[in-house]
Amino acid sequence: MPEESSPSADLDLRLVRYFTVLAEHGSFHRAADALHVAQPSLSRQIQRLEQRMGVRLLDRSKQGSRLTEAGRIFLPEAQALLRSAQQALATTRAAVGPDEFTLGHVGGLTVTAMVRDLRKRRPDAQVHTRHLNFDQVNAALLDHQVDAVLAREPFLTDQLDVTVLYEEPRVLMVPTVHRLACRTSVTVDDFADEALIRYNDAAYDAFWRLDPRPDGRPAPEGPLALTTADKLELVAGSQALALAPAGGDRAPSRPDITTIPVEGIEPCRVVLATRAKDRRPHVRGFLAMLRVGSSRQVT
């Protein structure tokens, strides 16, 4: 007997469902309407099922169709098979959690356009956002508080995957009364002896204070800032200067602070960070959408 008519051949659940609906309605015409398929197509699908099982499930006549002995035996089994498949799907979905995605973001990076696009592409899913401090990126991901983070390097990348989205030049934040405030650009030599704001993460602090300086000298130590508000107050009060991303927290609403492009230093990188071993299909789907649209969406 050919493989497709073998009693042990795999069953197509779609065909099984077609059979149960046909048995319920007792008519190809009514069943086709209920399934929203053409009647000839339904007839062909039932024939496929019969060929696959190697038995005739229905007797067809001008008066309609009725179940054969094999069809009457198979019907409760088919209904149980469909219920079992539905239960397996529900159990699996419950085990991996609802179709949700949480996107974290750091500093002045905004994710509004990215989230709007995700919700448009996946209106059935729940998309959330969460603002993080720069030193929370790694822990928030590994603790499953978020599924991805839009952030600026550097940060701890242990057990993470990082995708670079774009680069931003760095600027110098100074009070408007500072001697450099009227400059259109500066180099490191222009502020080499001035203290810059310190941060409580070693890698982040070294990058944003240029420590050591290009000539190898250690950077002068400035006051510690734990929040963006602290940083702005310290700069405005002439207690220290600060490097910042050109697209970041530049305090546009504060008339007592201005920013100046810095020439000759590497830019900072804006990246999308994710868990390295997260293989859940819905998370991978969201990440693929983010990576495809990020270059035109991140603002």
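The values are calculated or read from the model by the stated rules, or taken from the named source; none is laboratory data. Owing to the predicted nature of the structure, the values given are computational and were not obtained by experimental measurement. Positions of Cβ are generated from backbone atoms using ideal geometry, with glycine treated the same way; all protein chains shown enter the neighbour counts.
Just for segment 175-223: of the residues that are in contact with a Gly (Cβ under 6 Å, 6 or more places away or on another chain) and not in a strand (DSSP E or B), which one is nearest to residue 260 (Cα to Cα)? So, considering only residues that are in contact with a Gly (Cβ under 6 Å, 6 or more places away or on another chain) and not in a strand (DSSP E or B), the one nearest to residue 260 (Cα to Cα) is 187.
A quick yes/no check of all residues on (1) within 30 Å of residue 149 (Cβ to Cβ); (2) at pLDDT below 90; (3) out of contact with any Asp or Glu (no Cβ under 9 Å at 6 or more places or on another chain):
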position: 12; (1), (2), (3): no, yes, yes
position: 41; (1), (2), (3): no, yes, yes
position: 56; (1), (2), (3): no, no, no
position: 98; (1), (2), (3): yes, yes, yes
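For segment 93-108, the count of residues that are part of a helix (DSSP H, G or I) and aromatic (Phe, Trp, Tyr) is zero. Figure legend. Inter-residue proximity from segment 117-134: first residues within 11 Å of residue 99 (Cβ to Cβ), second residues aromatic (Phe, Trp, Tyr), beta-carbon distance below 7 Å, spacing 6+ or different chains. Indicated pairs: 125/101; 127/101.
Restricting attention to segment 28-65, the residues that are touching a strand residue (DSSP E or B) at 6+ places or on another chain (Cβ under 8 Å) and either surrounded by 15 or more Cβ atoms within 10 Å (Cβ to Cβ) or of a type in the set (A, V, I, L, M) (or both) total 6.
Conditions (1) surrounded by 12 or more Cβ atoms within 10 Å (Cβ to Cβ); (2) within 30 Å of residue 289 (Cα to Cα); (3) among the aliphatic types (A, V, I, L, M); (4) in contact with a Lys or Arg (Cβ under 6 Å, 6 or more places away or on another chain), marked per residue:
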{"site": "67", "(1), (2), (3), (4)": "yes, no, yes, no"}
{"site": "70", "(1), (2), (3), (4)": "yes, no, yes, no"}
{"site": "85", "(1), (2), (3), (4)": "yes, yes, yes, no"}
{"site": "124", "(1), (2), (3), (4)": "no, yes, no, no"}
{"site": "147", "(1), (2), (3), (4)": "yes, yes, no, no"}
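Within segment 247-255, does at least one residue satisfy the condition of being farther than 30 Å from residue 100 by Cα, out of contact with any Asp or Glu (no Cβ under 7 Å at 6 or more places or on another chain) and at pLDDT 80 or above? Reasoning before the result, please.
Step one: of segment 247-255, the residues farther than 30 Å from residue 100 by Cα are 250-255.
Narrowing the set further to residues that are out of contact with any Asp or Glu (no Cβ under 7 Å at 6 or more places or on another chain) leaves 250-255.
Narrowing further to those that are at pLDDT 80 or above: 254-255.
Yes, segment 247-255 has at least one match.
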